[in-house]
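The values are calculated or read from the model by the stated rules, or taken from the named source; none is laboratory data. Quantities reported herein were computed from a predicted structural model and do not represent experimental measurements. Neighbour counts run over all protein chains shown; Cβ positions are idealised from the backbone, glycine included.
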Amino acid sequence: MKRYAILALAAVLVCQPALADHIVPPNPPGAYAPRDTCVKTPAARTFTARLRNAIARRDARALADLSAGDVRLDFGGGSGKALLREQLAGKEGPALWRELAEAVSLGCGMDNGDMAFPWVYAHNLGEVDPFEALVATGPAVPLYRRGNTRSAPIARLNWQMVTIQEGDLGPDADKHPLRRVSVINSSLEGYVPTGQLRSVIDHRLIVTRRGGVWEISAFVAGD
């Protein structure tokens with residue numbers, strides 16, 4: 001039954017035009033599944049292995065050693081290795097380590113010569129507003145017609161992109177168990193479990209090559 005729902009969604013996506021007045025990327029099943037397009041970049045494999053190892057061990061010093069001296073940590077002027085180590089050792093540290101692990105687990109994409117984790121951050125969204133765009137993070141994420149999970153899903157999303165519907169953009173909206181969304185390039189809309197959605201401008205790691213050496217140049221969220 002799940003397979004039929006996903007196939008039906010694929011058919012809808014193929015037949016529907018782009019959202020009115022917007023140029024949007026294709027959105028078939030599996031479109032935004034994690035992938036690694038950095039693997040052929042010189043020294044990327046070695047750097048990524050060191051990065052994964054530092055995150056797995058929660059080794060702040062090792063992560064700082066992989067970072068640029070001016071690594072950006074927010075959009076308010078926060079930067080530098082010392083601040084990075086301080087944040088990772090502070091009360092927000094456990095959450096930041098989880099964000100690092102999640103970003104790296106979702107693939108790597110090349111973005112104007114930089115490596116970007118997750119891969120989707122390097123993807124061209126056309127005119128889709130990145131503040132409203134989220135990815136369903138799984139191969140069978142349920143889409144419900146109403147704001148509850150008592151009924152059967154009307155479709156299953158397979159690593160596909162959605163936008164938040166107007167009225168569900170409040171500061172505490174992501175604390176609700178379900179978010180009201182529209183599926184890009186589709187007439188489908190409904191509710192998706194919040195825990196199975198990830199903003200395309202959530203935490204990401206940017207790695208820049210300077211003087212032949214790869215360094216983390218930013219670990220930020222938002223825009």
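Go through the range 102-144 and give me each residue that's within 13 Å of residue 204 (Cβ to Cβ) and among the hydrophobic types (A, V, I, L, M, F, W, C). It would help to see each step written out before you state the result.
From the range 102-144, those within 13 Å of residue 204 (Cβ to Cβ) are 102-109, 111, 114-123, 130, 135; that's our starting set.
103, 104, 106, 108, 115, 116, 117, 119, 120, 122, 135 - these are the residues of the range 102-144 that are within 13 Å of residue 204 (Cβ to Cβ) and among the hydrophobic types (A, V, I, L, M, F, W, C).
Is one or more of the residues making up the range 110-126 in a helix (DSSP H, G or I), surrounded by fewer than 18 Cβ atoms within 10 Å (Cβ to Cβ), in contact with a Lys or Arg (Cβ under 8 Å, 6 or more places away or on another chain) and hydrophobic (A, V, I, L, M, F, W, C)?
So in the range 110-126, the residues in a helix (DSSP H, G or I) come out as 119-122.
Subset that is surrounded by fewer than 18 Cβ atoms within 10 Å (Cβ to Cβ): none.
No, the range 110-126 contains no residue that is in a helix (DSSP H, G or I), surrounded by fewer than 18 Cβ atoms within 10 Å (Cβ to Cβ), in contact with a Lys or Arg (Cβ under 8 Å, 6 or more places away or on another chain) and hydrophobic (A, V, I, L, M, F, W, C).
On the basis of being in contact (Cβ under 8 Å) with a residue 12 or more places away in the chain, under 15 Å from residue 219 (Cα atoms) and surrounded by 13 or more Cβ atoms within 10 Å (Cβ to Cβ), does residue 99 make the cut? Reasoning before the result, please.
Working: in contact (Cβ under 8 Å) with a residue 12 or more places away in the chain: yes; under 15 Å from residue 219 (Cα atoms): yes; surrounded by 13 or more Cβ atoms within 10 Å (Cβ to Cβ): yes.
When the stated conditions are applied, residue 99 passes them.
Checking residue 156 against (1) in a loop (DSSP other than H, G, I, E, B); (2) in contact (Cβ under 8 Å) with a residue 60 or more places away in the chain; (3) not aliphatic (A, V, I, L, M), only one condition comes out false. Which one?
(1)
Taking strands (runs of 3 or more DSSP E) that fall entirely within the range 169-223, which contain at least 1 residues that are among the β-branched types (Val, Ile, Thr) and at pLDDT 95 or above? Walk me through it before giving the result.
Numbers: elements: 178-183, 189-193, 197-199, 204-210, 213-220.
Of the strands (runs of 3 or more DSSP E) lying wholly inside the range 169-223, those with at least 1 residues that are among the β-branched types (Val, Ile, Thr) and at pLDDT 95 or above span 178-183, 189-193, 204-210, 213-220.
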